[in-house]
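The values are calculated or read from the model by the stated rules, or taken from the named source; none is laboratory data. A quick note: this is a predicted structure, and the numbers were derived from the prediction, not measured. Here the Cβ positions follow ideal geometry from the backbone for every residue, glycine too, while neighbour counts run over all protein chains shown. Keep in mind that these areas ignore ligands, DNA and RNA; they rest on the heavy atoms of the full protein, side chains included. Shrake-Rupley method; radii C 1.70, N 1.55, O 1.52, S 1.80 Å.
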Amino acid sequence: MKRLLLAVTASTLTCGAAQTAAEPPYVDDRSDAGALIRSFYSAINRHEYTRAWSYFGESKPTEDFKQFMDGFKDTEEVRANIGEPGSEGAAGSVYYSVPVAILARQKDGSQKVFAGCYTVRLANPEIQAEPPFVGMHIEKGDLKPSDKPLEQALPASCGDGPPPPPRDAAMEQAKAAFRATHAAQCSSLAADQPDDAIKPEDYTITYHDSQSGADGPERTARLIRFFCTAGAYNQIHAYYLADDARGLRELHFATPELDIHYEGNNPEGKVESVNVIGFRDENALINSSYDPDAHTITSNGKWRAKGDASSNGIWLFRNGDFSLVQYDVDASYDGVVNPETVLDYNTAP
C-alpha cells in the first residue's frame, strides 16, 4: 500500500525549504535604481560589506568603513520591500527617489522595521569623457523606525517625486498572504529574491451564479497564481481567489487519498488496484496551470522524472469556486504513460 502523492508533495516542498536556508543569492545590478538598492541589501545579507559600501558615491553613509560594518554586526538578515522610483533630471544627472521599507532581523531573533527613501544618482554616461567612469550610485539614504509591518510600511512616494501608480489592493493583499503562509516552503520568498521572483499571474473570471440563472447579473472573480518553488521535475504554485462576496482567500484543493496495491507488495511490479479512501486539501499544486477558456485548474504531479508514474487533477470553476471534477492516477513504474481515472464528475453517469 502506498500514499504516494503526499510523499511527492512533501519532498518537493522540503527541497524548496532547503533552498530557502541556503546562502543568499548574489545580486549585483546597476541597471535601474530599484535594482541598485536590491543589490545593496544582497551585499548586506551576504555580509559583503565592501561591496555594499561601493554602491555609495563620494558621500558615504558613515564617517569610515569600520563604522559602517559595525552598524550591521548584530544583523542576521534584511528583507527589503522596494517601491516605484521617481526621477528628475538636474545638471547632467538623473536623480531617483526610491521608497524603501526593510525588516531587519537581529541575531538575537528580534525584528525591526524601517522605512524611508534612498536617493540614487546617475551621471550622464555620454558626457563622461575620461576615466574613472562613475556609474549609478546611492547618494544618501534616510530610513527611520516604523511601527507598521513590512507590508504596510513602504512610503507611498518620496518628497516631491511623482505620485505612485494606483494601488492594486487585492494584489497587495494576496502577496502579503502568500508571504505569510508560504515563506518557510517557497524558494521564491527567500531573502534577497527580486520582487518579481514570485511571478504572480492574474486572471479575471466572469460568470453567472447558477442560483441567479442565465439572466442574472454577471459576476467577476480574480484568480492570482504564485510561483513557489521548483525541484528537478516538479514546480509548485499557490492560488488565491478574490471576489466581492468573500474578499480574498487562499484556495485549498480537494485531493483524493490513495490506497495503492501492487502485486507481491512490490512497488515496481504490476498494479493490482488503486482505491480512493478519502480526501484531504492541499494549498499548493504540482505542475499546475489555469485554462481561462475551460475555467479549469489542472495539475500533473510526476512521481519520478520519467513521468510514467503520476497523479493528475482537474478543478472546475463554477458558482464562484473551484471543485474537483476528475482525478487520474498512473501508479505503475513501467516506462509507459497510461493513467487511469479514479474519480470522474466530468461526464454524465
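Some points to look at:
- Those residues of segment 100-127 which are in a strand (DSSP E or B), over 16 Å from residue 141 (Cβ atoms) and charged (D, E, K, R), in sequence order: 105
- Residue pairs meeting the criteria (Cβ under 6 Å; at least 6 apart or on separate chains; first open to solvent by less than 40 Å² (accessible area, probe 1.4 Å), in segment 166-189; second assigned to a loop (DSSP other than H, G, I, E, B)): 189/183
- Unmet criterion (only one of (1) at pLDDT below 95; (2) crowded, with 16+ Cβ neighbours inside 10 Å) for residue 287: (1)
- Single residue of segment 234-272 satisfying the filter (modelled with pLDDT under 95 and in contact with a His (Cβ under 8 Å, 6 or more places away or on another chain)) that is least open to solvent (accessible area, probe 1.4 Å): 271
- Inside segment 47-76, residues that are open to solvent by less than 60 Å² (accessible area, probe 1.4 Å), farther than 20 Å from residue 114 by Cβ and modelled with pLDDT under 95 make up a count of 1.
- When each of 319, 346 is tested for being open to solvent by 70 Å² or more (accessible area, probe 1.4 Å) and touching a residue at least 40 places away in the same chain (Cβ under 8 Å), the lone residue that passes is 319.
- Per-region count, segment 202-233, residues open to solvent by 60 Å² or more (accessible area, probe 1.4 Å), polar (S, T, N, Q) and in contact (Cβ under 8 Å) with a residue 40 or more places away in the chain: 2
- Test: residue in segment 228-236 that is within 20 Å of residue 83 (Cα to Cα), among the polar types (S, T, N, Q) and touching a helix residue (DSSP H, G or I) at 6+ places or on another chain (Cβ under 8 Å): no
- Filtered residues of segment 111-147 (kept if open to solvent by 30 Å² or more (accessible area, probe 1.4 Å) and either touching a residue at least 40 places away in the same chain (Cβ under 8 Å) or in contact with a His (Cβ under 9 Å, 6 or more places away or on another chain) (or both)): 117, 121, 122, 134, 139, 140, 141, 143, 146
- Matching residues, segment 1-46, being of a type in the set (S, T, N, Q), in contact with a helix residue (DSSP H, G or I) (Cβ under 9 Å, 6 or more places away or on another chain) and at pLDDT 90 or above: 39, 42
- Subset of segment 281-293 (residues that are more than 21 Å from the chain's Cα centre (by Cα) and without any contact (Cβ under 8 Å) to a residue 12 or more places away in the chain): 293
- In the set (1) within 29 Å of the chain's Cα centre (by Cα); (2) open to solvent by 50 Å² or more (accessible area, probe 1.4 Å); (3) among the β-branched types (Val, Ile, Thr), residue 336 fails one condition alone, (1).
- Picking from residues in segment 214-251 that are acidic (Asp, Glu) and in contact with a strand residue (DSSP E or B) (Cβ under 9 Å, 6 or more places away or on another chain), the one that is nearest to residue 306 (Cα to Cα) is 250.
- For segment 326-340, the condition of being under 26 Å from residue 206 (Cβ atoms), outside any helix (DSSP H, G or I) and not acidic (Asp, Glu) holds for at least one residue.
- The residue that is nearest to residue 95 (Cα to Cα), counting only those in segment 38-57 that are part of a helix (DSSP H, G or I) and of a type in the set (Phe, Trp, Tyr), is 40.
- Every residue from segment 76-98 that is without any contact (Cβ under 8 Å) to a residue 40 or more places away in the chain and closer than 10 Å to residue 33 by Cβ: 94
- Filtered residues of segment 300-314 (kept if in contact (Cβ under 8 Å) with a residue 40 or more places away in the chain and either surrounded by 17 or more Cβ atoms within 10 Å (Cβ to Cβ) or not in a loop (DSSP other than H, G, I, E, B) (or both)): 301, 302, 303, 309, 311, 313
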